[in-house]
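I have placed the structure first, in the form of structure tokens, so that the comments after it can refer back to it.
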Amino acid sequence: MSDYVIGIGTVGSGLWMSYNSGQKWRHIARGPEPESNVRALAVSPHDSNVIWASLDRVGLFRSEDNGGNWEHAANGFTTDIWSIGLDPHDADRVFVGTRPGVHRSTDGGASFEALDTSIGTQCAIGVPRTTNIVVDPVAANRVYASVEVDGLHRSEDGGDTWSSLGMLGASEFHNDVH
């Protein structure tokens with residue numbers, strides 16, 4: 001069996017990569033800050049050599065060589081990013097989940113726009129975080145966002161408009177989707 005690459009994002013100890021199926025690990029010291037909080041990692045569905053990582057208060061990073069070298073994507077976009085959703089239909093369309101909300105890029109991550117969503121600005125624990133974003137692999141314009149203590153939200157038009165899918169259980173804490 002051939003070796004494969006594994007990336008791990010940590011809270012307080014940055015990004016770690018293994019290039020031999022987890023037998024040895026390398027702490028990434030250039031690009032993402034080595035003592036940073038890495039909240040999200042994503043591998044491009046178009047090119048498995050392209051990896052994305054988000055760092056608290058620093059923004060979004062991108063590697064095009066399996067995590068060997070990293071470049072800051074979308075300079076100036078330093079919002080805390082809790083999730084990364086890569087579109088399997090369009091390599092230039094990238095979604096990121098923030099605190100609160102969703103941002104979208106249509107230029108491969110060079111710039112991002114805040115989207116007007118159905119996600120609340122407050123929840124029982126404070127400001128909700130968008131914990132996951134998934135673009136439907138069959139329906140290109142359907143995008144889902146799960147939100148901490150605010151449930152599941154869906155867009156049917158590529159992120160232009162959003163709606164809540166309603167309560168997921170009897171109490172608001174059933175809406176705590178991670």
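The values are calculated or read from the model by the stated rules, or taken from the named source; none is laboratory data. None of these values were measured; they are calculated from a predicted model. Reconstructed Cβ throughout: ideal geometry from the backbone, glycine too, with neighbour counts over all protein chains shown. What goes into the accessible areas is simple: the full protein's heavy atoms, side chains included, and nothing from ligands, DNA or RNA. Shrake-Rupley method; radii C 1.70, N 1.55, O 1.52, S 1.80 Å.
Couple of notes before you dig in:
- Phi-based couplings in Hz for the stretch 28-36 (Karplus 6.51, -1.76, 1.60; Gly and Pro marked x): 7, 9, 10, x, x, 4, x, 10, 7
- With θ taken as phi - 60° and the Karplus curve 6.51 cos²θ - 1.76 cosθ + 1.60 applied, the whole-hertz 3J(HN,Hα) list for the stretch 4-10 is 9, 8, 10, x, 10, x, 10 Hz, x standing for glycine and proline.
- In this structure, the amide hydrogen of ILE84, modeled 1.01 Å from its nitrogen in the peptide plane, lies closer than 5 angstrom to those of GLY97, ILE133, counting only residues at least 5 positions away or on a different chain.
- Pair THR78, SER2: separation of 7 Å Cα→Cβ label points (nm): 4.1
- The chain: radius of gyration over Cα atoms, expressed as a fraction of 2.2 N^0.38 Å: 1.04
- Low-density loop positions, trypsin sites (Lys or Arg not before Pro), the stretch 43-140 - DSSP coil, at most 14 other Cβ in 10 Å: ARG57
- Quarter of Cα convex hull surface for the stretch 113-178, i.e. mean projection, nm²: 4.4
- Database remark: amide H of ARG93 closer than 5 angstrom to the amide H of ASP87, GLY108 (H placed geometrically; neighbours at sequence offset of 5 or more, or on other chains; Pro and chain starts carry no H).
- Note, ³J(HN,Hα) from phi for the stretch 13-26, Karplus 6.51, -1.76, 1.60, rounded to Hz, x at Gly and Pro: 10, x, 10, 10, 10, 10, 10, 9, 6, x, 6, 9, 10, 10
- Residues whose amide H lies under 5 Å from that of VAL102, counting only those 5 or more places away or on a different chain, are LEU115; hydrogens are built 1.01 Å from N in the peptide plane.
- Globularity index of the stretch 1-51, i.e. its alpha-carbon radius of gyration over 2.2 N^0.38 Å: 1.16
- Near SER83: Cβ cut-off under 12 Å, other residues only, Lys/Arg at +1 and Asp/Glu at -1. The net charge is +1.
- The stretch 91-165 - percent of accessible surface contributed by carbon and sulfur, probe 1.4 Å: 45
- The stretch 111-178 versus the stretch 1-63: alpha-carbon centroid distance in Å: 25
- Longest segment of the chain lacking GluC sites (Glu not before Pro) that sit in a DSSP loop with at most 16 other Cβ atoms within 10 Å: 65-155
- Working value for the stretch 40-94: equivalent-ellipsoid semi-axes of 18, 13, 9 Å, each the square root of 5 times a Cα gyration tensor eigenvalue, largest first.
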